[in-house]
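Structure, as structure tokens:
The values are calculated or read from the model by the stated rules, or taken from the named source; none is laboratory data. Since the structure is predicted, the reported quantities are computational estimates derived from the model, not experimental observations. Cβ placement follows ideal geometry from the backbone for every residue including glycine, while neighbour counts extend to all protein chains displayed.
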Amino acid sequence: MQLFKLKSRLSKFDTFAEFAAEFNLSAQDLVITNEFLFQPFMKGLNLGCTFVFQEKYGVGEPSDEMMNAILADVKKVSYNRVVAVGGGTVIDIAKLFVLKDLANVVDAFERTIPIVKEKQLVIIPTTCGTGSEVTNISIAELKSKHTKMGLADDQLLADDAVIIPELLKGLPYKFYVYSAIDALIHAVESYVSPKSNSYTKIYCRSAIETILDVFQKIAEIGPDYRFERLEDMLVASNFAGIAFGNTGVGAVHALSYPLGGTYHVPHGEANYQFFTAVFECYNRKNPNGTIKEVNALLANVLCAAEDKVYVELDNLLGKLLSKNQLRTYGMKPEEVELFTDSVLQKQGRLLANNYVELSREEIRAIFQSLY
């Protein structure tokens with residue numbers, strides 16, 4: 001049984017300029033990014049790359065419409081390497097653009113074409129959440145299917161993952177917190193996955209301890225404290241990505257997808273709404289498995305009793321950003337049933353990674369309790 005893999009090379013630079021020089025960026029590179037990153041960090045370097053600004057093709061998280069519009073434009077240029085500089089949307093898009101014979105991204109997500117990589121891929125994250133720079137997963141809203149779908153394949157792995165702390169400075173506080181909570185969820189879900197093992201747990205523990213330490217300091221000192229720990233949070237997010245890239249995530253992500261796909265709630269924010277409710281359910285069903293180790297770790301970091309860790313975790317996260325009732329996003333009462341069925345029908349890949357199996361009634365009860 002395979003325990004661990006990390007196929008991407010990891011690099012760190014203090015500035016984007018240092019990275020560009022070391023990686024010899026040139027006219028043969030397609031750089032997918034945002035204009036608010038291009039202007040301060042890339043424009044003055046006169047690199048000669050083809051730059052694509054994601055926001056010119058749509059706002060929010062990646063969709064098949066957005067990706068296909070970009071695809072139509074980049075087919076006009078020649079490139080042999082894709083460089084993603086951005087958050088989860090940019091990274092998820094870029095992963096598809098290394099594939100051979102891609103004409104419609106829906107074909108890739110539905111695997112009606114062979115998934116074959118023909119371009120080099122370099123990923124530079126500018127949020128501290130997805131860990132996507134070291135995972136083999138791309139997630140998009142397929143508007144034609146009225147859901148989100150994930151494509152998980154090693155052909156999507158970055159050849160190089162690069163950490164550049166200066167690129168995190170411009171991330172607004174709200175998005176910083178939601179992305180960091182997402183990284184925390186990656187680490188905690190990975191820890192209790194059936195595929196979890198002694199190697200992946202090392203990364204999970206380090207990510208959990210670092211993220212919660214930063215959160216506690218922000219709650220105590222204020223939002224500006226985050227600027228003192230930019231590299232720490234990027235590394236913690238990367239560690240969480242390495243962990244769940246080997247183990248997968250589970251029900252927190254699975255339950256969040258109908259909310260995100262229907263009401264366009266950003267990924268990290270959607271996950272936050274379900275995090276502790278799912279783990280409280282897990283803990284009721286089997287408190288003596290690997291979740292016991294997670295509870296002990298959380299209790300130690302939060303200085304709380306083990307039977308109160310999820311209450312204390314909610315209290316801490318609530319000091320950073322409040323959690324919302326699902327109805328505030330526009331969710332309707334009848335969608336409790338519809339979302340439950342959607343999870344069971346469309347998120348089997350994720351539900352297979354649950355700590356314990358959740359019944360339809362248990363999934364429904366979580367939606368109902370959060371509604």
note = Going through segment 97-115 in order, the residues found to be without any contact (Cβ under 8 Å) to a residue 60 or more places away in the chain, within 20 Å of residue 159 (Cβ to Cβ) and within 23 Å of the chain's Cα centre (by Cα) are 98, 99, 108, 115
inquiry  = Would you confirm, using the coordinates I've provided, whether residue 199 is in contact with a helix residue (DSSP H, G or I) (Cβ under 7 Å, 6 or more places away or on another chain), assigned to a helix (DSSP H, G or I) and within 19 Å of residue 2 (Cβ to Cβ)?
reply    = no
inquiry  = Being surrounded by fewer than 18 Cβ atoms within 10 Å (Cβ to Cβ) and either at pLDDT below 95 or touching a strand residue (DSSP E or B) at 6+ places or on another chain (Cβ under 9 Å) (or both) is the filter here; which residues of segment 327-345 pass it?
reply    = 345
ask   = What is the one condition in (1) under 22 Å from residue 179 (Cα atoms); (2) modelled with pLDDT of 95 or more; (3) touching an Asp or Glu at 6+ places or on another chain (Cβ under 8 Å) that residue 49 does not satisfy?
value = (1)
ask   = Counting just the residues of segment 30-62 that are in contact (Cβ under 8 Å) with a residue 40 or more places away in the chain and part of a strand (DSSP E or B), which one comes out surrounded by the most Cβ atoms within 10 Å (Cβ to Cβ)?
value = 31
key: Number of positions in segment 1-25 that are in contact (Cβ under 8 Å) with a residue 60 or more places away in the chain, farther than 16 Å from residue 231 by Cα and among the small types (Gly, Ala, Ser)   = 1
task = Among residues belonging to segment 203-235 that are of a type in the set (Lys, Arg) and surrounded by fewer than 22 Cβ atoms within 10 Å (Cβ to Cβ), point out the one that is farthest from residue 170 (Cα to Cα).
result = 205
key: Selected residue (only one of 313, 326, 321, 317 is within 21 Å of the chain's Cα centre (by Cα) and over 19 Å from residue 220 (Cα atoms))   = 326
message = Just to verify a result, which residue in segment 209-228, among those that are in contact with a helix residue (DSSP H, G or I) (Cβ under 7 Å, 6 or more places away or on another chain) and among the aromatic types (Phe, Trp, Tyr), is farthest from residue 128 (Cα to Cα)?
response = 225
task = Please name all residue pairs, on different chains or six or more residues apart, with Cβ atoms under 7 Å, provided the first residue is in segment 134-149 and is farther than 20 Å from residue 161 by Cβ and at pLDDT below 85 and the second residue is buried (at least 23 other Cβ atoms within 10 Å of the Cβ) and basic (Lys, Arg).
result = 141/148
key: Odd one out for residue 369, checked against (1) surrounded by fewer than 18 Cβ atoms within 10 Å (Cβ to Cβ); (2) farther than 21 Å from residue 285 by Cβ   = (2)
remark   = Residue count, segment 345-371, condition aliphatic (A, V, I, L, M) and in a helix (DSSP H, G or I), comes to 6
request  = Scan segment 65-95 for residues that are in a helix (DSSP H, G or I) and either small (Gly, Ala, Ser) or surrounded by fewer than 21 Cβ atoms within 10 Å (Cβ to Cβ) (or both) and jot them down.
outcome  = 65, 68, 69, 71, 72, 73, 74, 88, 94
request  = Using the structure shown, decide if residue 9 is surrounded by 16 or more Cβ atoms within 10 Å (Cβ to Cβ), farther than 18 Å from residue 127 by Cβ and under 26 Å from the mean Cα position of the chain (by Cα).
outcome  = no
note = Note on segment 253-286: residues touching a residue at least 60 places away in the same chain (Cβ under 8 Å) and aliphatic (A, V, I, L, M) are 254, 255, 259, 265, 277, 278
remark   = By residue number, the members of segment 116-136 that are crowded, with 22+ Cβ neighbours inside 10 Å and assigned to a strand (DSSP E or B) are 121, 122, 123, 124, 125
remark   = Among 243, 270, the single one that is more than 30 Å from residue 337 (Cα to Cα) and buried (at least 24 other Cβ atoms within 10 Å of the Cβ) is 243
